[in-house]
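Chemist: Could you have a look at this structure, given as structure tokens, before my questions?
The values are calculated or read from the model by the stated rules, or taken from the named source; none is laboratory data. Because the structure is a prediction, the values reported are computed rather than measured. Note: ideal-geometry Cβ built from the backbone for every residue, glycine included; neighbour counts use all protein chains shown. Remember, those area values only see protein heavy atoms, side chains included, never the ligands or the DNA or RNA. Shrake-Rupley method; radii C 1.70, N 1.55, O 1.52, S 1.80 Å.
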Amino acid sequence: MTLPVSWGCHRRRTTIVRVLPVATALLLVTCAVGLPEAAAASARETNKAGVATGRWLVKNGQADSAIVLGADSDPFHAWIAGELQRYIKSLSGGEPPIVSHDKTPPDKALLILGGPQVNPLCAAAQQQQMVSFAGLKPEGFVLKTVELDGRPTVIVGGNDEAGTMYAAYELLERLGVVFQLTGDIIPQRKPDLPLPALDVRMEPVLKYRGMHCCHGLRWHMGLADFRKHIDQLAKLKLNCLQFYAGIGSPWVEFSYAGKVGEILYPKESGYVAWGFGLSTSGTAKEMRVGRECFPQEYLGPPEFAHVQTQQEAFATAREFLHEVIQYAHQRKVQVWLMMGEIPYVPPNLAPPAAKHLHDFYCGVALPIGDPTVLGVWEAAVRSMMDTYPRADAYGIWTSELFFPVADAQTQALVRQHAAVRKLIPSLEEIHRQGNVQPRRPEHLDCDLAEICVAAELVKRIRRDRPAAKLGVSVLFRPYLFRALDSLLPKDVWLMSMETWANTAPVMHFYGDIAGRELLVMPRIDDDGCELHMQLNASMYDHDEIIPGSVRYKVAGLVGQLNKERGLECNVRYVAEGAWDPDIHCRSFYEGYLRRLYGPDGLDVLLKAYLMLEENDKALGWHGRRGIFPGFCRFSPCRLRTDVNYKEARPKVNQPQLDKEINAAAGARTFWRGRTAHCRQALDLLKVARPRILAGSQAELDYVTFKMETFILYFEVLDAVEEARAALDRAWLAKGAGNTTEFNTHLAQSKAALDRADRLAAQAAREMIAYRAIPTERYLLFRFNQNVIGSIEAALDYVNQVLAFQNQQKSQ
């Protein structure tokens with residue numbers, strides 16, 4: 001794909017017009033649209049150019065303006081006009097008519113939609129030097145208040161369709177609508193809506209701005225969910241959706257050596273959820289609390305509910321993903337198809353005698369140098385490109401894990417690329433520059449082997465697809481960029497997922513590469529704890545994600561997004577940062593909270609949100625202590641069950657049990673500290689509620705609900721640790737032959753588990769109120785499946801031990 005000349009490669013220096021983000025109350029000129037107490041005064045203000053804005057968009061709930069299109073406007077511009085119209089009506093009650101440029105009403109203010117190429121009135125304003133679209137970067141836009149032919153006018157447009165769409169949504173936000181990842185909020189209805197005084201020129205800092213969806217983790221998402229998701233991406237001025245699947249998924253059907261690669265995902269999900277030991281799948285049968293929220297046993301996307309065979313899954317997935325791509329293009333959102341992870345292959349395609357290094361959601365890992373790896377992956381990628389030719393780009397992921405490299409074939413591959421190996425920094429240098437991995441020297445040989453296979457794969461695909469937009473992605477390994485740069489043509493893009501597990505920012509690794517598009521993938525949510533909201537702005541600041549991207553001329557930012565609801569702040573932060581390189585945590589929240597909730601509760605809310613940021617940091621940012629992982633089944637309630645309780649004095653490992661008891665005491669101290677900290681933040685949220693705008697109360701109620709259930713989960717974890725320690729003490733007592741002390745500690749363990757069970761059930765009951773939200777409905781299922789399920793299993797075990805003890809007493 002040829003890049004627009006105005007963008008050039010990622011190393012080219014470009015001029016960035018500095019514009020304050022929409023979160024600020026002032027932008028170049030005074031605009032009191034968001035301040036209701038100043039509405040009447042703002043209608044008489046003048047803008048920077050001295051134009052009187054003595055007219056209204058809406059007055060007393062009646063439209064006093066018109067939306068103007070060029071007479072020959074295409075359907076896309078007509079749709080944008082409809083968006084302006086419906087949101088203004090929702091905000092104010094007034095519905096401005098949509099008219100062509102040659103039929104404007106004489107007595108109304110005008111919203112001229114579209115740049116000079118598509119709207120003659122905009123062209124006239126530019127010819128009169130009232131506005132300039134010259135030199136505007138792709139997808140940039142202008143909002144300018146002028147007086148055109150004696151009438152107050154706001155010009156809303158860009159030089160391309162995406163720019164005009166973004167201009168319309170930016171105007172709506174300045175008028176008072178708040179767009180979020182999961183929906184729209186109108187904090188305050190405004191029957192009097194003054195024509196704003198604006199002089200805005202905004203251009204994106206990053207060419208690619210979007211989100212990365214692993215559908216195997218968000219497998220409950222159907223087409224309606226994707227359409228809504230794409231709509232919100234466009235409103236946030238994001239233009240890229242990466243759709244990821246493992247190689248053994250229903251999304252790409254391919255054959256190798258005469259066999260079709262099998263789907264690894266479980267049938268109960270319609271073959272769409274991660275499987276192979278990491279299954280996030282299940283049915284409503286696993287529900288203990290809230291079973292009424294799931295009228296059918298099937299929990300996956302409705303489009304796959306009928307699927308019974310792998311062939312049906314392949315056919316349904318093709319139709320589904322074609323529809324996603326088509327709809328995304330209607331919203332000017334690119335779709336990049338991503339596949340991972342080298343060197344995994346579907347098990348049925350692995351040679352019978354091949355050594356399996358690891359089993360995972362995407363298959364079995366073969367020795368990296370095994371020719372089967374390259375052959376299978378070439379067949380899969382070719383099929384992906386043939387099946388979805390309208391996708392905008394295609395990417396392959398190397399693995400997050402490290403594998404043995406001692407086999408002869410992989411060693412030969414490493415020796416063959418000895419010169420490339422020299423471009424990978426030493427282990428000591430990598431650690432000195434901030435990366436915490438790799439851990440051992442042989443890990444670098446594994447890295448080298450994987451990227452060499454990836455490079456050869458790209459080379460083979462390019463032989464008959466020279467124009468294909470291909471890329472290679474790595475997980476937490478930007479130190480491989482120089483080596484990859486030496487192996488790949490310059491028009492192959494590179495991307496790395498980043499994590500705060502590093503000891504220092506690693507964005508400097510992006511500065512070593514010239515003439516190539518690089519993308520960075522921060523984590524919008526870490527999959528170690530999907531239960532709570534996660535507020536990561538301070539993490540992004542620490543990692544220098546936005547300033548580093550600007551400093552090193554990174555082409556794009558695509559956030560890893562494993563769920564939707566509860567991540568609005570993180571998505572909003574990176575979306576604004578893609579246009580405003582000076583964004584930082586505190587200023588972001590000051591603007592976001594003021595715009596969403598109004599000024600009266602700002603001070604209290606700011607304290608609360610910053611406390612929640614501190615909580616995420618204390619949980620460990622990356623990993624979040626692994627307390628509610630989103631990528632696998634898990635058991636937060638693990639008890640020591642390997643002691644033979646039927647023996648009078650079983651053999652126990654006292655040092656190990658003492659260590660576990662001490663660890664449980666430390667964990668309880670930590671969870672109680674997190675509980676106290678979050679209760680303080682929760683109290684602040686409740687103090688702020690009477691002060692916020694009426695239209696925002698439901699959003700604050702949701703945030704409050706998330707904090708209340710997370711606090712309950714902390715209390716569950718505290719009770720689980722109490723039960724764990726009590727049972728360990730019981731085993732020590734039984735090993736010492738002290739039956740009385742054994743029974744006492746065993747009863748204490750059961751009491752703690754009963755408390756954990758009650759608290760978990762309470763948390764689940766609170767989730768039921770938000771079951772209409774897809775994310776929350778899925779979390780309710782996962783909470784039942786993993787939290788309540790593991791506690792009940794632990795209770796069953798302790799009750800079994802108690803029953804045996806009672807039986808012994810009766811004999």
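Chemist: Regarding residue 639, is this residue under 30 Å from residue 541 (Cα atoms) and buried (at least 19 other Cβ atoms within 10 Å of the Cβ)?
Modeler: Against the criterion (under 30 Å from residue 541 (Cα atoms) and buried (at least 19 other Cβ atoms within 10 Å of the Cβ)), residue 639 does not qualify.
Chemist: All but one of (1) touching a Leu at 6+ places or on another chain (Cβ under 6 Å); (2) open to solvent by 20 Å² or more (accessible area, probe 1.4 Å); (3) acidic (Asp, Glu) hold for residue 728; which doesn't?
Modeler: So residue 728 meets the others, but not (2).
Chemist: Turning to a different aspect of this structure: Of the residues in the range 763-811, how many are assigned to a helix (DSSP H, G or I), within 30 Å of residue 215 (Cα to Cα) and free of Cβ contacts under 8 Å to residues at least 60 places away in the same chain?
Modeler: 1
Chemist: Show the residue pairs that are 6+ apart or on different chains and have beta-carbon atoms under 7 Å apart, the first residue being within the range 125-136 and closer than 11 Å to residue 158 by Cα, the second being in a loop (DSSP other than H, G, I, E, B).
Modeler: 133/115; 133/116; 133/159; 136/158; 136/159; 136/203
Chemist: Then there is this: From the list 641, 675, 704, exactly one residue is out of contact with any strand residue (DSSP E or B) (no Cβ under 7 Å at 6 or more places or on another chain), among the hydroxyl-bearing types (Ser, Thr, Tyr), assigned to a helix (DSSP H, G or I) and over 23 Å from residue 773 (Cα atoms). Which is it?
Modeler: The match here is 675.
Chemist: Find the residue count for the range 455-467, including only residues that are in contact with a helix residue (DSSP H, G or I) (Cβ under 7 Å, 6 or more places away or on another chain) and either buried (at least 18 other Cβ atoms within 10 Å of the Cβ) or free of Cβ contacts under 8 Å to residues at least 24 places away in the same chain (or both).
Modeler: Initial filter on the range 455-467 (in contact with a helix residue (DSSP H, G or I) (Cβ under 7 Å, 6 or more places away or on another chain)): 455-457, 460-461, 465.
Next cut, either buried (at least 18 other Cβ atoms within 10 Å of the Cβ) or free of Cβ contacts under 8 Å to residues at least 24 places away in the same chain (or both) only: 455, 457, 461.
Counting residues in the range 455-467 that are in contact with a helix residue (DSSP H, G or I) (Cβ under 7 Å, 6 or more places away or on another chain) and either buried (at least 18 other Cβ atoms within 10 Å of the Cβ) or free of Cβ contacts under 8 Å to residues at least 24 places away in the same chain (or both) gives 3.
Chemist: Could you please find all residues in the range 120-149 being over 40 Å from the mean Cα position of the chain (by Cα) and assigned to a strand (DSSP E or B)?
Modeler: Matches in the range 120-149: 147, 148.
Chemist: Continuing with this model, one more query. So which residues in the range 474-491 are in contact with a helix residue (DSSP H, G or I) (Cβ under 9 Å, 6 or more places away or on another chain) and either open to solvent by 10 Å² or more (accessible area, probe 1.4 Å) or not in a helix (DSSP H, G or I) (or both), if there are any at all? Quick ask: steps written out before the conclusion?
Modeler: Of the range 474-491, the ones in contact with a helix residue (DSSP H, G or I) (Cβ under 9 Å, 6 or more places away or on another chain) are 474, 477-489.
Across the range 474-491, the qualifying residues are 474, 477, 482, 485, 486, 487, 488, 489.
Chemist: Sort through 756, 752 and tell me the only one that's over 26 Å from residue 300 (Cα atoms) and crowded, with 24+ Cβ neighbours inside 10 Å. It would help to see each step written out before you state the result.
Modeler: Values: 752 fails: crowded, with 24+ Cβ neighbours inside 10 Å.
Of 756, 752, the one residue that is over 26 Å from residue 300 (Cα atoms) and crowded, with 24+ Cβ neighbours inside 10 Å is 756.
Chemist: Among the residues that make up the range 492-507, is at least one of them of a type outside the set (A, V, I, L, M, F, W, C), open to solvent by 30 Å² or more (accessible area, probe 1.4 Å) and modelled with pLDDT of 95 or more? Give the steps one after another, and end with the answer.
Modeler: Residues of the range 492-507 of a type outside the set (A, V, I, L, M, F, W, C): 496, 498-499, 502-503, 505.
Restricting the remaining residues to those that are open to solvent by 30 Å² or more (accessible area, probe 1.4 Å) gives 503, 505.
The next check asks that each one be modelled with pLDDT of 95 or more; those that pass are none.
No.
Chemist: Moving on. For residue 270, are the conditions met, namely being at positive phi and open to solvent by less than 10 Å² (accessible area, probe 1.4 Å)?
Modeler: When the stated conditions are applied, residue 270 passes them.
Chemist: Another question, then. Pick out the one residue from 390, 382 that is buried (at least 16 other Cβ atoms within 10 Å of the Cβ), of a type in the set (Lys, Arg) and under 20 Å from residue 492 (Cα atoms).
Modeler: On the way: 390 fails: buried (at least 16 other Cβ atoms within 10 Å of the Cβ).
Only one candidate qualifies: 382.
Chemist: Tell me which of these residue 572 doesn't satisfy, since it passes every other one: (1) open to solvent by 20 Å² or more (accessible area, probe 1.4 Å); (2) charged (D, E, K, R); (3) not in a loop (DSSP other than H, G, I, E, B).
Modeler: Residue 572 satisfies all of (1) open to solvent by 20 Å² or more (accessible area, probe 1.4 Å); (2) charged (D, E, K, R); (3) not in a loop (DSSP other than H, G, I, E, B) except (1).
Chemist: Now a separate question. Kindly list the number of the only condition in (1) open to solvent by 10 Å² or more (accessible area, probe 1.4 Å); (2) under 18 Å from residue 531 (Cα atoms); (3) charged (D, E, K, R) that fails for residue 668.
Modeler: Only one criterion is unmet by residue 668, namely (2).
Chemist: Further question on the same structure: Would you mind finding the one in 165, 221 that is hydrophobic (A, V, I, L, M, F, W, C), open to solvent by less than 10 Å² (accessible area, probe 1.4 Å) and under 21 Å from the mean Cα position of the chain (by Cα)?
Modeler: When all the criteria are applied, what remains is 221.
Chemist: So, in the range 273-292, exactly how many residues are open to solvent by 10 Å² or more (accessible area, probe 1.4 Å) and touching a helix residue (DSSP H, G or I) at 6+ places or on another chain (Cβ under 7 Å)? Walk me through it before giving the result.
Modeler: To start, the set of residues in the range 273-292 that are open to solvent by 10 Å² or more (accessible area, probe 1.4 Å) comprises 274, 276-279, 283, 285-289, 291-292.
Checking which are touching a helix residue (DSSP H, G or I) at 6+ places or on another chain (Cβ under 7 Å) leaves us with 283, 286-289, 291.
So the count comes out to 6.
Chemist: Of the residues that make up the range 703-718, is at least one open to solvent by less than 10 Å² (accessible area, probe 1.4 Å), more than 20 Å from residue 669 (Cα to Cα) and free of Cβ contacts under 8 Å to residues at least 60 places away in the same chain?
Modeler: There is no residue in the range 703-718 that is open to solvent by less than 10 Å² (accessible area, probe 1.4 Å), more than 20 Å from residue 669 (Cα to Cα) and free of Cβ contacts under 8 Å to residues at least 60 places away in the same chain.
Chemist: For the range 191-300, which fully contained strands (runs of 3 or more DSSP E) count at least 3 residues that are of a type in the set (Val, Ile, Thr)?
Modeler: Qualifying strands (runs of 3 or more DSSP E): none found.
Chemist: Of all the residues that make up the range 430-454, how many are among the β-branched types (Val, Ile, Thr), open to solvent by 10 Å² or more (accessible area, probe 1.4 Å) and in a helix (DSSP H, G or I)?
Modeler: Residues in the range 430-454 being among the β-branched types (Val, Ile, Thr), open to solvent by 10 Å² or more (accessible area, probe 1.4 Å) and in a helix (DSSP H, G or I): 1 in total.
Chemist: Say we look at the range 322-362 and pick out the residues that are β-branched (Val, Ile, Thr) and part of a strand (DSSP E or B); which of these is surrounded by the most Cβ atoms within 10 Å (Cβ to Cβ)?
Modeler: Top of the filtered list is 345.
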